[in-house]
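Scroll down for the structure; my scribbles are underneath it.
Readers should treat all values here as calculations from the given coordinates under stated rules, not as data from a laboratory. Only a predicted model underlies this, so the values are computations on that prediction, with no experimental measurement involved. Don't worry about glycine lacking a Cβ; one is built from the backbone with ideal geometry, like all the others, and counts go over all protein chains shown.
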Amino acid sequence: MKAIDNKELIIALDELEKEKGIKKEYVLEAIDTALVTAYKKNFDEENVSIHIDQKTGATHIYSVKTVVEKVEDEKTEITLKDAKKIDKNAELEGTVEVEIVPKNFGRIAAQTAKQVIVQKLREVERSVLFDEFNNRKGEIVTGLIQKVDKNYVVMDLGKLEGVMPAKEQIPTETYHVNDKIRGYVQKVEKGPKGVPQVIVSRSDPNFVKKLLEFEIPEIYEKVIEIKSVSRDPGQRSKVAVYSPDPNIDPVGSCVGQRGVRIQNIINELAGEKIDVIEWDEDPSIYIVAALLPAKILAVDIKEEEKFAQVIVPDDQLSLAIGKAGQNVRLAVKLTGWKIDIKSETQFRQMLEEQANNEEVAETEEAEEVQEASEE
């Protein structure tokens, strides 16, 4: 029996391996499987196996038949005598592969091989793109807005699309098709049909951190370290910075002369205010800085509970708490400490109540002792 010749297939696969790095053996195995499925579909044959010669490309098709004494179904059975002509070790109840060349299967085989190669190429290209962008997680990318929907914004990132869900957008921003914007690569997922999808964010605190690295050389060069970032997207961010070099002013370096450096970041974030404060290993000093611009009178900390009681002048209470609690909320996120703020008057009242309660408790205890002694 003559096999289906396909030298062009091997030449194409060799080129594919050289250019795309797709292993020839991997593709041939996939083609084998696809050809078996195609054969069964077109020739109503269940017991079939197909092998492609990896050197010549010759496609060998075999009908797998059971060895019997008397043939009742020629499609699936063969006598021991005829089986021995194919395989001298053939035995009854065993199987042999009888090579066949069905009419027109060469055309079907060529189409199937082409489909498999195209599919494998797509898989590899998607895998390469996935790896490329997966390695860029945590970076900033620039893209052109293609589509704006109430649930997401789609960005053209060149080789792939970036998707910015509503929760990753800055609430105060409005996006338009053809706008060029920057975003933070939060993660890369495999979307429909295996196509990689880049999830982009402009509301992530790390977006502010990366922008600072871009704008401030001292941060990029690790002379200044960003210790923490807390953010209310579109409204306000707090950034804690630190430098081990006593000759460097980390806050001044980040803000820049006349605020030029920090203003570039504020402009990128559509006017979002940014408070840059100096990190300190002493939690009391750190918490005071985190609550700026409010002035603080005293801080009492409980180390084990990571709890801080903060006392402020009466006229500073609303400033320390901030509109809708924003200032203290950001300070809590920034420091990782629970913070309770009280005005000077509130604190004095609290102390008076405690003193009164203690006095009442002492009186009641004394009365109980007196009653007990009288009995």
Given the alpha-carbon gyration tensor of the stretch 218-286, what are the semi-axes of its equivalent ellipsoid in whole angstrom, ordered largest first, with each equal to the square root of 5 times an eigenvalue? 21, 15, 9
Can you give me the distance in nm between label points at Lys147 and Thr79, each placed 7 Å from the Cα along the Cα-to-Cβ direction? 6.7
Between the modelled labels at Asn42 and Ile266 (7 Å from Cα along Cα→Cβ) the distance in nm is 7.1
Treating every alpha carbon of the stretch 7-132 as one equal point scatterer without solvent, the Debye formula yields log10 I(q)/I(0) values at q = 0.09, 0.11, 0.13, 0.21 Å⁻¹ of -0.34, -0.49, -0.63, -1.12
For a quick check: sort His176, His51 by the number of other beta carbons within 10 angstrom, fewest at the front. His176, His51
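Provide the FRET efficiency to the nearest 0.05 for the Val68-Glu125 pair, computing r from the beta carbons and using R0 = 45 Å.
E(calc), rounded to 0.05, equals 0.35.
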Take the stretch 312-351, drop everything but the C-alpha atoms, weight them equally and run the Debye formula without solvent; then report log10 I(q)/I(0) at 0.21, 0.23, 0.24, 0.27 Å⁻¹ to two decimals. -0.65, -0.74, -0.79, -0.89
Any idea what log10 I(q)/I(0) is at q = 0.07, 0.14, 0.15 Å⁻¹ for the chain, Debye with uniform C-alpha scatterers and no solvent? -0.61, -1.16, -1.25
Return the whole-Å distance between the Cα centroid of the stretch 246-278 and the Cα centroid of the stretch 199-230. 11
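For a quick check of your reading of the filter: which GluC sites (Glu not before Pro) in the stretch 204-307 sit in a DSSP loop and have no more than 12 other Cβ atoms within 10 Å?
Here the sparse-neighbourhood loop sites are Glu221, Glu281, Glu303, Glu304, Glu305.
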Neighbour-limited loop hits for GluC sites (Glu not before Pro), the stretch 82-166 (at most 15 other Cβ within 10 Å; DSSP other than H, G, I, E, B): Glu91, Glu93, Glu139
In this model, which of Lys7/Lys75; Lys147/Lys180; Lys20/Lys114; Lys187/Lys210; Lys238/Lys338; Lys23/Lys65 are farther than 21 Å apart at the alpha-carbon? Lys7/Lys75; Lys23/Lys65
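Quick check on the chain: helices-only [θ] at 222 nm, where DSSP H runs of length 4 and up contribute -39,500 (n - 2.57) each and the sum goes over total residues. Nearest 500, please.
Helix-only estimate at 222 nm: -13000 deg cm²/dmol.
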Pairs of alpha-carbon atoms within less than 8 angstrom and 6+ residues apart define the contacts here; what relative contact order does the chain have, in percent? 8
